[in-house]
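The values are calculated or read from the model by the stated rules, or taken from the named source; none is laboratory data. Computed from a prediction, not measured in an experiment: that's the story for all the values here. No Cβ is skipped: glycine too gets one built from the backbone with ideal geometry, and neighbour counts run over all protein chains shown. We work out accessible area using only protein heavy atoms, side chains counted, and drop any ligands, DNA or RNA first. Shrake-Rupley method; radii C 1.70, N 1.55, O 1.52, S 1.80 Å.
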Amino acid sequence: MKIRKRTIALLIYFFLLMLPIYWMLNMSFRSNADILGYFALYPKDITFANYMRIFTDKAWYSGYLNSMIYVTINTLISLSLALPAAYAFSRYHFVGDGQIFFWLLTNRMAPAAVFLLPFFQLYSTFGLIDTHIAVALAHCLFNVPLAVWILEGFMSGVPKEIDETAYLDGYSFPRFFIRVFLPLIRSGVGVTAFFCFMFSWVELLIARTLTTTNAKPIAATMTRTVSAGGLDWGLLAAAGVLTIVPGALVIWFVRNHMAKGFALGRV
Amino acid sequence: MDKWENNRAWFLVLPVFFIVAFSAIIPLMTVVNYSVQDIFGPGQRVFVGTEWFEEVLGDKRLHDALWRQFLFSGLVLLIEIPLGVVIALLMPKKGWGASASLVILALPLLIPWNVIGTIWIIFTRPDIGLLGAAINTMGIAFDHTASPIQAWITLMFMEVWHWTPLVALLAYAGLQAIPEAYYQAAKIDGASAWSTFKYIQLPKMRGVLTIAVLLRFMDSFLIYAEPFVLTGGGPGNTTTFLSIYLVKIAVGQFDLGPAAAFSLIYFLIVLLFSWLFYQALQNVGKGDVK
């Protein structure tokens with residue numbers, strides 16, 4: 001009986017959570033005139049015109065490709081640099097460790113508006129404007145610290161005896177780290193990968209500042225549509241639905257790592 | 001947990017240090033530079049010392065925006081953190097239910113922030129939006145563009161809808177990292193659900209909850225796109241948060257000096273409170289952990 005109550009509470013929450021997304025999905029299958037014309041719980045004249053437009057117009061679908069490219073690069077850089085650093089913070093004392101650890105997070109704390117101009121100047125000095133790598137690198141500013149923080153939290157939950165035993169057994173550091181340690185913090189790596197992906201995916205201001213056409217992100221393409229004399233709600237909703245898809249796939253792939261987690265005793 | 005003393009661990013941190021410093025230090029220095037100069041055009045700048053800082057600190061509208069911001073972030077933390085933890089506790093631990101829950105939770109987080117605001121504009125419209133129409137059917141005249149209270153409530157709903165999943169995901173991952181042996185021990189001791197939560201789950205979630213609190217504080221304090229799109233800071237100035245006001249100065253009036261000074265003060269406030277939260281969460285309940 002107790003289990004049932006919990007499930008019902010969770011289902012109610014998920015139902016409410018899905019409502020705005022359902023509304024977006026609903027709108028994506030209707031034409032603009034239809035949406036503005038009357039209230040409809042579900043689309044009566046289903047049209048795929050909004051989706052067709054996105055899949056056939058290069059200005060639209062290239063936005064998705066650009067975003068996916070720089071987000072993937074960013075997630076890979078963030079994870080591969082943050083893993084060893086987080087291990088250092090969770091296991092060792094070294095000169096300035098506390099200060100550096102907190103300093104990392106301060107990079108998420110500045111309001112973006114005024115920083116955009118110097119950001120643009122910095123990246124144009126290096127000739128990186130309008131490249132995917134520029135956006136991926138710039139997003140490291142907030143994703144790498146986040147990854148270090150999340151991973152450090154999970155690593156500190158693993159008893160140090162595990163490291164000691166492994167070293168006594170003759171494991172080298174890289175082999176221990178990949179074979180023994182990483183599997184223990186799978187849920188942490190999964191959630192970190194998803195968060196890096198997510199924050200880079202939805203970031204708009206920096207990505208828009210550093211790109212013009214070749215690496216223009218999807219979120220920027222969507223604002224352009226918004227400002228073009230009266231909104232095309234149907235098109236925007238379809239684009240919104242499609243922005244969810246890549247991230248949903250990412251979480252689908254890391255779900256097993258997140259749901260299994262830590263299994264002490266099987267080491 | 002005692003840590004090993006080892007300065008060579010710096011080598012593991014260096015790549016992170018360089019990649020973050022690359023994007024962090026020069027822009028910060030440039031903004032500090034703007035904040036003490038009056039810029040008329042390329043090559044025409046005058047050193048003005050602390051003039052912009054004094055101007056910004058004496059700005060009454062900024063004070064109002066600051067109090068609104070504290071109220072907003074305070075409400076965000078009070079609602080989202082407990083709600084997120086409860087949801088994480090309710091979620092199934094394994095099987096297809098766990099997978100489905102994770103994917104559903106992630107969906108609101110994946111929509112770009114400017115689109116969130118746009119979707120909520122239509123979602124809350126009394127004539128063609130689901131929420132707006134539902135509230136009107138209940139007999140309440142709902143129009144968040146006219147009533148400050150309703151604008152705030154709508155914003156809070158949007159914010160809680162959008163970001164509680166982040167807290168829940170973090171808390172869930174934290175719960176999953178607790179070894180099964182701990183629960184078995186608690187069961188043998190005959191611990192109630194509440195004491196299992198208080199003595200095992202909550203202390204073990206300290207790490208992820210620290211991150212959740214800091215992230216939600218920072219991001220809600222810096223919030224811009226969603227309220228700007230949904231309410232435009234109105235009605236009146238009742239939902240003009242710090243970032244919206246900052247952009248008004250920086251872009252609307254193109255006052256780079258005051259905007260830079262404003263940015264630095266803003267940054268220091270976020271820094272100070274994040275640090276206080278961090279210290280508090282590091283020390284709270286230290287005695288509970290064995």
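Once you compute Rg and the Kirkwood Rh from C-alpha atoms, what is the Rg to Rh ratio for chain B?
Values: Rg = 23.1 Å, Rh = 22.3 Å.
That ratio is 1.03, to two decimals.
Treating only the Cβ atoms of Lys and Arg (+1) and Asp and Glu (-1) as charged, compute the dipole magnitude of segment B:61-283 about its Cα centre; round to the nearest 20 debye.
On the way: 11 positive and 10 negative charges, 100 e Å.
So the magnitude is around 480 debye.
Long-range amide H contacts for B:Q37: which residues qualify at under 5 Å (H placed 1.01 Å from N, peptide plane, sequence gap of 5 or more or a different chain)?
B:V48
With θ set to phi - 60° and the Karplus curve 6.51 cos²θ - 1.76 cosθ + 1.60, what are the ³J(HN,Hα) couplings of segment B:172-187 in order, to the nearest whole Hz, using x for Gly and Pro?
So the J values, rounded to whole Hz, are 5, 4, x, 5, 5, 7, 7, x, 4, 4, 5, 5, 4, 4, 5, 5.
Can you give the direction-averaged projected area of the convex hull of the alpha-carbon atoms in chain A, in nm²?
Values: hull surface 79.1 nm².
Across all orientations, chain A yields a mean hull projection of 19.8 nm².
In whole angstrom, how long is each semi-axis of the equivalent ellipsoid of segment A:1-47, when you take the square root of 5 times every eigenvalue of its Cα gyration tensor and sort them from largest down?
Numbers: eigenvalues 213, 13, 12 Å².
Ellipsoid half-lengths, sorted descending, are 33, 8, 8 Å.
Can you tell me the relative contact order of chain A? Whole percent, Cα pairs under 8 Å, sequence separation 6 or more.
32
Between segment B:63-88 and segment A:18-60, how many Å separate their Cα centres?
Their Cα centres are 33 Å away from one another.
Taking just the alpha carbons, could you work out the radius of gyration and Dmax for segment B:154-290, both in angstroms?
Just the Cα atoms of segment B:154-290 yield Rg and Dmax of 20.3, 67 Å.
Give me the dipole magnitude in Debye, nearest 20, for segment A:57-260 about the Cα centre, with unit charges on the beta carbon: positive for Lys and Arg, negative for Asp and Glu.
Details: 12 positive and 10 negative charges, 54 e Å.
In total the dipole reaches around 260 debye.
Apply the Karplus curve 6.51 cos²θ - 1.76 cosθ + 1.60, θ = phi - 60°, to the phi angles in segment A:36-53 and return the couplings in whole Hz, x for Gly and Pro.
Calculated HN-Hα couplings, in order: 6, x, 7, 7, 9, 5, 9, x, 8, 10, 5, 10, 9, 4, 4, 5, 4, 4 Hz.
Would you mind telling me the share, in percent, of accessible area of the protein assembly as shown contributed by carbon and sulfur at probe 1.4 angstrom? List each step's numbers first, then the result.
On the way: 16500 of 24120 Å².
Ligands and nucleic acids excluded, carbon and sulfur give 68 percent.
Compute from the Cα atoms of the protein assembly as shown the Rg and the Dmax, the latter being the longest Cα-Cα distance, and quote both in angstrom.
Rg and Dmax of the protein assembly as shown, Cα atoms, are 24.0, 76 Å.
Where does the charge balance sit around A:N143 when Lys and Arg score +1, Asp and Glu -1, over other residues with C-beta under 15 Å from its C-beta?
Spelling it out: positives minus negatives among the neighbours equals -2.
Once phi is turned into ³J(HN,Hα) by the Karplus curve 6.51 cos²θ - 1.76 cosθ + 1.60 with θ = phi - 60°, what whole-Hz value does each residue of segment A:144-149 show in order, with x for glycine and proline?
So the J values, rounded to whole Hz, are 4, x, 4, 4, 4, 5.
Which order do B:Y34, A:Y171 take by accessible area at a 1.4 Å probe, largest first? Walk me through the intermediate numbers first.
Working: B:Y34 10, A:Y171 70 Å².
Largest accessible area first, the residues go A:Y171, B:Y34.
Helix A:186-202 sits at what angle to the longest principal axis of chain A, using alpha carbons and giving 0 to 90 degrees rounded to 10?
Value to nearest ten degrees: 40.
Projected onto the charge dipole of segment A:1-47 (+1 at Lys/Arg Cβ, -1 at Asp/Glu Cβ, origin at the Cα centre), which of A:L25, A:I35, A:T7 gives the Cα projection farthest towards the positive end?
A:T7
Which is the longest stretch in chain A that no exposed loop site breaks, taking sites as trypsin sites (Lys or Arg not before Pro) with a DSSP loop state and at most 12 other Cβ atoms within 10 Å?
Between the exposed loop sites, the longest stretch runs A:45-265.
Hey, for a label at A:A59 modelled as a point 7 Å past Cα toward Cβ, could you say which residues of segment A:189-220 have their backbone N under 15 Å away?
Backbone N within reach: A:212-214, A:216-220.
Could you list which residues have their amide H under 5 Å from that of A:H93, counting only those 5 or more apart in sequence or on another chain, with H placed in the peptide plane?
B:W4, B:E5, B:N6
Residues of the protein assembly as shown: accessible area per residue at 1.4 Å, in Å²? Provide the component values of the computation, followed by the final result.
Working: 24120 Å² over 557 residues.
Per residue, the protein assembly as shown has 43 Å² of solvent-accessible surface.
Which entries of B:K93/B:K198; B:K3/B:K187; A:K160/B:K198 have Cα-Cα distances beyond 22 Å here? Could the numbers behind the result be given before it?
Details: B:K93/B:K198 19 Å; B:K3/B:K187 32 Å; A:K160/B:K198 24 Å.
Distance filter (> 22 Å) returns B:K3/B:K187; A:K160/B:K198.
How big is the B/A interface in buried accessible area, both sides summed, 1.4 Å probe, to the nearest 100 Å²? Walk me through the intermediate numbers first.
Details: alone 17570 and 15560 Å², together 24120 Å².
Chains B and A together bury approximately 9000 Å².
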